[in-house]
Every structure is written in C-alpha cells, then in structure tokens.
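Each remark here refers to the structure printed beneath this line.
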C-alpha cells in the first residue's frame, strides 16, 4: 500500500545526487524544476501511477552539501517549508572529503559528529511530519574492504539506527547499488563511483519507491 497520503507535500533534501540541476530557490515541477535525477523520476512515477494523490514533490538538494550544510539551512529549507513527508539523503560528501586531497584543509566530519547532527535534525523535525524517509549514503564499489566503501557503510549504519529510533522509512541505497553491481560494472553506473547516470538514478528511485509501498 502506498504510504504517502493524497495531497501530501514531499520534500527531498540532500547533496548533488538530490540536486541534479533543480531550480532555485525551490525546486518544484514547474519548468522541470526538480532536476534530472532520482527526485524527478520519483515524482514522474508517482504522478503517473497515483494521479489522484496529487502529491507535491519539492527538491531542496544542494550540490556539495555535508551534514553541516544541512544543519545551517534546516530552518529555512525544511521547517520553513512545512512538508508532510521528508526524505533526507546526506553523507556522501562527509565521507568523500576524508579521501579527497583537495578537501583535506576543510573540516572533516567524523562518524560521531555526523550521527550527532543528523539525530538533532531528525528528532527536532519528526514530530511535525506525517512520514520520514532516511536514505543511506553509498559508494559504487563492490568491495567492502575498500576504505571509502567501509566508511560509507559505517555512516549508513548510523542512518539505519536512526530510522529505527525515530520510526522512519529506511532506504538502503548502498544495498540497492550492490544488487545492481552484480550484473552492471560500477563505471557503467557512475564514472566517479558517486554521481550516477540515469541507470544509477533509476536504481535510487526504485529503492525509494519500493520503500514507500509503490505498486510497480
């Protein structure tokens, strides 16, 4: 059963994977304002399959964002927009910057700090929502021994635990990518193993929609 109620406002926030060229200051369906990634695919499939629900999708992703960036703009870009449902997809940049020499002079986000800030944001917002969706960060690398993949999995475990604690819908984006990598080479999903092509975005959209009870 589709969990998002009719006439709900679904706000999706995150980094470049969510942003994908969305309109500013607020990304909505007018003039293709949702961008060209998984958010747009989710919206299109919801509108096609559940036209009577009239779900309003809003994209508030910003390229390059970390959990610190979300914290800074949470009041205006989440609470100020009064969503019924909220999807949070953050953590890739928090991990990636540990492995990017160009970013070494920036503040690197520890596992503990990521968990602390994300829980503050979730606990503050959950009482105002009909539904919350938490998506794990991912790295398109099949080996769990790879250092960046291992750290990404650690951050994903934090998301999983918060989903349990705050009764959120859990979307394991890493697991969805892992299933696809059994048949599709990583570079055929994303050249840098992070920013997906349309196949990769469809993997994310399918994982998201399956988690909310979308009937394929």
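Taking residue 97 as meeting all but one of (1) buried (at least 20 other Cβ atoms within 10 Å of the Cβ); (2) at pLDDT below 95, write down the number of the exception. Looking at each condition in turn, residue 97 falls short on (1). Take segment 13-58 and flag every residue that is farther than 17 Å from residue 195 by Cβ, in contact with a strand residue (DSSP E or B) (Cβ under 9 Å, 6 or more places away or on another chain) and either in contact (Cβ under 8 Å) with a residue 60 or more places away in the chain or in a helix (DSSP H, G or I) (or both). Scanning segment 13-58 gives 13, 42, 43, 46, 47.
Among the candidates 154, 183, the residue that is more than 25 Å from residue 116 (Cα to Cα) and either in contact (Cβ under 8 Å) with a residue 24 or more places away in the chain or outside any helix (DSSP H, G or I) (or both) is uniquely 183. All told, residue 1 meets the bar of being part of a loop (DSSP other than H, G, I, E, B) and within 25 Å of residue 167 (Cβ to Cβ). The one condition from (1) outside any helix (DSSP H, G or I); (2) without any contact (Cβ under 8 Å) to a residue 60 or more places away in the chain; (3) crowded, with 18+ Cβ neighbours inside 10 Å that residue 167 does not meet is (3).
The values are calculated or read from the model by the stated rules, or taken from the named source; none is laboratory data. As the structure is a prediction and not an experimental result, all values here were calculated from the model. Every residue, glycine among them, receives a Cβ derived from its backbone with ideal geometry; neighbour counts consider all protein chains shown.
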